[in-house]
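One structure below.
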Amino acid sequence: MRYLVVANQTLGAEQLSRKVRECQGAGPCTFHLLVPATPPHDHLTWVEGEAATIARDRLDLALVRLRKLGVSVDGAIGDPNPLLAIGDALRDAEFDHIILSTLPAGISRWLKMDLPSRVEAAFGLPVSHIISPASSSSV
C-alpha cells in the first residue's frame, strides 16, 4: 500500500504519527510526505521563498523522525494550494490512499476550503482525515 500524506503545520503531530504506525501495522506500506508550501499565516508580510523554506524544514525533520521509526518514507514540497499540490503528486506517482492532516476547525484554512471532501471528489481515492494541533516536536 502506498500512502500520500499531506500535511504542513501538523506534520510533527502525534495524531499523524499514530496514523502512520497504524498503517504500518496493517501490512507492508510506503509513505510519501507532501508539504504544500503555504505562506505562514502568522506573518503580516512574507518574503517569496519563505513558505518553501519553512515547508522544507518541516519535511526534513519529519523524514528523519519517521525513518528512525523504520518507516519507508520519502517526500516533497508542493504547490501552496494543497489541492493543486495533491494533483501534481498524483500525476508523478500512484497512491492507494491519501492521509490528510489539518489543524482543528476554526483555525484550519484547509478545512475552511473543505479540502477533505474536495480531495476525495477530485481524485477518487480513499481519504483519511486527521485533525491535530500545530506541532514540530514529534512525528
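Could you go through the stretch 14-31 and let me know if any residue there is in a helix (DSSP H, G or I), among the acidic types (D, E) and touching a residue at least 12 places away in the same chain (Cβ under 8 Å).
The first filter runs over the stretch 14-31 and keeps only residues in a helix (DSSP H, G or I), leaving 14-25.
Applying the additional criterion that residues be among the acidic types (D, E) yields 14, 22.
So of that shortlist, the ones also touching a residue at least 12 places away in the same chain (Cβ under 8 Å) come out as 14.
There is at least one residue in the stretch 14-31 that is in a helix (DSSP H, G or I), among the acidic types (D, E) and touching a residue at least 12 places away in the same chain (Cβ under 8 Å).
Confirm whether I98 is hydrophobic (A, V, I, L, M, F, W, C), out of contact with any Lys or Arg (no Cβ under 6 Å at 6 or more places or on another chain) and assigned to a strand (DSSP E or B).
It is true that I98 is hydrophobic (A, V, I, L, M, F, W, C), out of contact with any Lys or Arg (no Cβ under 6 Å at 6 or more places or on another chain) and assigned to a strand (DSSP E or B).
This table checks each residue for (1) closer than 15 Å to A7 by Cα; (2) surrounded by 15 or more Cβ atoms within 10 Å (Cβ to Cβ); (3) out of contact with any Phe, Trp or Tyr (no Cβ under 8 Å at 6 or more places or on another chain); (4) at pLDDT 95 or above.
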{"position": "D60", "(1), (2), (3), (4)": "yes, no, yes, yes"}
{"position": "A89", "(1), (2), (3), (4)": "yes, yes, no, yes"}
{"position": "I99", "(1), (2), (3), (4)": "yes, yes, no, yes"}
{"position": "P126", "(1), (2), (3), (4)": "no, no, yes, yes"}
{"position": "S132", "(1), (2), (3), (4)": "yes, yes, yes, no"}
{"position": "S137", "(1), (2), (3), (4)": "yes, no, yes, no"}
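Quick one: in the stretch 57-95, which of the residues that are of a type in the set (A, V, I, L, M) and not in a helix (DSSP H, G or I) is nearest to L125 (Cα to Cα)?
A93
Answer with yes or no whether A51 is modelled with pLDDT of 95 or more, among the small types (G, A, S), within 15 Å of the chain's Cα centre (by Cα) and assigned to a helix (DSSP H, G or I). Reasoning before the result, please.
On the way: modelled with pLDDT of 95 or more: no; among the small types (G, A, S): yes; within 15 Å of the chain's Cα centre (by Cα): yes; assigned to a helix (DSSP H, G or I): yes.
No: the conditions fail for A51.
Pairs please, first residue from the stretch 107-125 and under 17 Å from L34 (Cα atoms), second anywhere and of a type in the set (D, E), Cβ atoms under 8 Å, 6+ apart in sequence or on different chains.
L125/D96
Quick check on the stretch 101-124: of everything there that is surrounded by 14 or more Cβ atoms within 10 Å (Cβ to Cβ) and among the aliphatic types (A, V, I, L, M), which residue is nearest to R21 (Cα to Cα)?
Of the residues in the stretch 101-124, the ones surrounded by 14 or more Cβ atoms within 10 Å (Cβ to Cβ) are 101-103, 108-111, 115-116, 118-120, 123.
Next, only the ones that are among the aliphatic types (A, V, I, L, M) stay: 103, 111, 115, 119.
Working: L103: 20, L111: 24, L115: 24, V119: 23 Å.
Of everything passing the filter in the stretch 101-124, L103 is nearest to R21 (Cα to Cα).
The values are calculated or read from the model by the stated rules, or taken from the named source; none is laboratory data. Quick caveat: nothing in here was measured; it's all calculated off a predicted structure. As a convention, Cβ positions derive from the backbone with ideal geometry for all residues, glycine included, and neighbour counts pool all protein chains shown.
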